[in-house]
1. Say the dipole of the chain comes from +1 at the beta carbon of Lys and Arg and -1 at that of Asp and Glu; which of Ile146, Val113, Leu28 then lies farthest toward its positive end?
2. Which whole-number percentage describes the relative contact order of the chain, with Cα contacts under 8 Å and a sequence gap of 6 or more?
3. Counting only protein chains, not ligands or nucleic acids, how are Met46, Met1 ordered by accessible area (probe 1.4 Å), most first?
4. Would you mind telling me the antiparallel percentage of the DSSP bridges in region 56-212, rounded to 5?
5. Which value in deg cm²/dmol, rounded to the nearest 500, describes the helix-derived mean residue ellipticity at 222 nm for the chain, given -39,500 (n - 2.57) per DSSP H run of n ≥ 4 and division by the residue count?
6. With all protein chains present and a 1.4 Å probe, how do Tyr197, Tyr31, Tyr127 order by accessible area, largest first?
7. With +1 on each Lys and Arg Cβ and -1 on each Asp and Glu Cβ, how big is the dipole of the chain about its Cα centre, in debye rounded to the nearest 20?
8. Starting from the Cα-Cα distance between His119 and Val134, subtract it from 0.36 nm times their residue separation and give me the gain in nm to one decimal.
Amino acid sequence: MRTLAIECATENCSAALFEGDGMSLRLLGGYCERLGRGHAERLVPMIGELPDGGRADRIAVSIGPGSFTGIRVGLAAAKALALAWNADLLGFPTLALIAAQIRDELGAVPLGVANNAGHGEWFVASYAADGQCVLPARSLPPGDAIAALATHAVTGSQAESLVERRGFGEAVPAWPDARAFSLLPAQELIADPHPAYGRKPDAALPGQKRGA
């Protein structure tokens with residue numbers, strides 16, 4: 001069985017193809033690029049550059065939190081390919097993937113994750129040494145984010161800022177990479193993926209306040 005993993009909820013855009021059953025996966029090929037913008041233009045060609053055009057029996061896609069546009073681009077591509085290939089569709093949280101990447105590097109230690117959320121806020125989440133989520137992802141002002149994360153080790157795009165302002169701990173900056181999908185704990189896989197934006201939309205209908 002082959003699994004195509006897609007992650008484009010942050011500044012990164014990545015796709016990877018794995019072979020194997022369950023979570024015993026072998027990486028066949030993958031790409032990860034720091035784009036900032038332009039995920040919609042790059043993602044599908046990136047998948048097409050994978051072995052066999054990325055064709056897989058199972059597709060796993062990041063559901064966020066992160067960029068509204070990036071999350072929608074990833075989910076739309078994953079759903080379209082799942083339909084075309086008659087593949088199973090799964091989702092996974094963006095911050096859980098980052099935590100899994102760094103847990104592989106540091107070992108089984110508790111981890112906090114702090115990622116840019118826009119509008120001066122950070123997405124934060126916390127994970128136990130075994131990978132269990134103990135603080136679900138939420139968007140907070142930096143002061144509240146600092147108070148929410150007590151772990152010594154902090155990762156994510158805002159790890160250095162958080163540790164510096166907090167005054168203690170170890171910062172391990174990281175961005176999500178689909179090539180690390182095989183490190184993700186099985187309990188983080190979501191059978192019916194929907195966007196997890198982590199905050200309210202920037203845009204609003206006429207007569208509504210932003211975020212209403």
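The values are calculated or read from the model by the stated rules, or taken from the named source; none is laboratory data. Everything numeric here is computed off the predicted structure, so don't read it as measured data. Positions of Cβ are generated from backbone atoms using ideal geometry, with glycine treated the same way; all protein chains shown enter the neighbour counts. In case anyone asks, the SASA skips ligands and DNA or RNA and just uses the protein heavy atoms, side chains included. Shrake-Rupley method; radii C 1.70, N 1.55, O 1.52, S 1.80 Å.
1. Ile146
2. 22 percent
3. Met1, Met46
4. Counting only bridges with both partners in region 56-212, antiparallel ones make up about 55 percent.
5. Computed ellipticity for the chain at 222 nm equals -8000 deg cm²/dmol.
6. Ranked from most to least accessible, the order is Tyr31, Tyr197, Tyr127.
7. So the dipole magnitude of the chain works out to roughly 640 debye.
8. That pair, His119 and Val134, stretches by 2.9 nm at full extension.
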